[in-house]
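The values are calculated or read from the model by the stated rules, or taken from the named source; none is laboratory data. Here the structure is a predicted model, which means the values were calculated and not measured. Methodologically, a virtual Cβ is constructed for each residue, glycine included, from the backbone with ideal geometry; neighbour enumeration extends over all protein chains shown. These area figures cover heavy atoms from the full protein model, side chains too; ligands, DNA and RNA do not enter into them. Shrake-Rupley method; radii C 1.70, N 1.55, O 1.52, S 1.80 Å.
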Amino acid sequence: MVSNGVTTKARPGIALIEQGQAVPAVYLLLEGMLGIYVTVNNNGAVEDKEIATRVKGEILGEMSFVDGGVASASVKSIENAWVLALPQKTLTTKFQEDRGFAQRFYHSLVIILSNRCLDLLIRGSLANFTPAANTMLSEDIEVEDELDMDVLEGTAIAGRRFDWIIKQLRR
């Protein structure tokens with residue numbers, strides 16, 4: 001990724017991905033903050049509505065990469081940002097040459113997308129939070145999807161690898 005990716009700086013307001021357009025790369029956010037926006041029609045006025053933010057270490061453009069479609073939202077820098085762009089054509093070629101890399105990359109995407117879905121479900125549930133639902137948040141209940149030590153260790157390893165990538169790119 002380090003040798004084939006292209007680092008880019010984006011000033012606030014710069015769009016990396018445009019809703020409805022093809023996404024040329026998968027982006028890894030190295031520094032800064034990016035906003036996710038969808039274009040909505042608000043009583044005849046078209047406007048961009050921020051629906052989420054992404055911070056250091058997050059990946060963007062992965063959904064269009066997986067499904068081969070156009071962007072479902074726009075991604076713009078909220079503050080000065082530094083990203084590593086991994087061109088889709090380069091990734092596809094690498095996957096054909098290195099099946100192990102492809103497996104690890106797709107496995108990572110599955111975890112990221114699964115966590116995003118879970119986050120959306122939890123946020124949606126908490127919006128309709130009732131006192132009876134408080135029992136779901138009790139410390140005494142062991143929940144099936146709680147993180148175990150293996151997952152935490154994997155997260156720590158991923159963090160060290162991310163820091164290594166940043167050090168290599170700063171050279």
Original post:
Quick one: is Ser77 surrounded by 18 or more Cβ atoms within 10 Å (Cβ to Cβ), in contact with a Pro (Cβ under 6 Å, 6 or more places away or on another chain) and in contact (Cβ under 8 Å) with a residue 40 or more places away in the chain?
Top reply: yes
**OP:** Specify which of the listed residues (Val83, Val23, Val6, Val2) is out of contact with any Lys or Arg (no Cβ under 9 Å at 6 or more places or on another chain), open to solvent by less than 70 Å² (accessible area, probe 1.4 Å) and within 19 Å of Ile165 (Cα to Cα).
**Re:** Val2
**OP:** Might you let me know whether the stretch 86-100 holds any residue that is out of contact with any Phe, Trp or Tyr (no Cβ under 8 Å at 6 or more places or on another chain) and touching a residue at least 60 places away in the same chain (Cβ under 8 Å)?
**Re:** yes
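State all residues of the stretch 109-118 that are free of Cβ contacts under 8 Å to residues at least 40 places away in the same chain and closer than 22 Å to Leu30 by Cα; if no residue qualifies, say none.
The answer is Val110, Ile111, Ser114, Asn115, Arg116.
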**OP:** Determine if the stretch 94-104 includes at least one residue that is within 16 Å of Val23 (Cβ to Cβ) and at pLDDT 90 or above.
**Re:** no
Original post:
What about Ala73, is it within 26 Å of Arg123 (Cα to Cα) and in contact with a Phe, Trp or Tyr (Cβ under 7 Å, 6 or more places away or on another chain)?
Top reply: yes
Original post:
Would you say Gly69 is over 16 Å from the mean Cα position of the chain (by Cα) and either of a type in the set (Phe, Trp, Tyr) or open to solvent by 40 Å² or more (accessible area, probe 1.4 Å) (or both)?
Top reply: no
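Which count do you get for residues in the stretch 33-52 that are β-branched (Val, Ile, Thr), closer than 21 Å to Glu79 by Cβ and open to solvent by 60 Å² or more (accessible area, probe 1.4 Å)?
So the count comes out to 1.
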Original post:
Out of the stretch 40-65, which residues are polar (S, T, N, Q) and out of contact with any strand residue (DSSP E or B) (no Cβ under 6 Å at 6 or more places or on another chain)?
Top reply: Asn41, Asn42, Asn43, Ser64
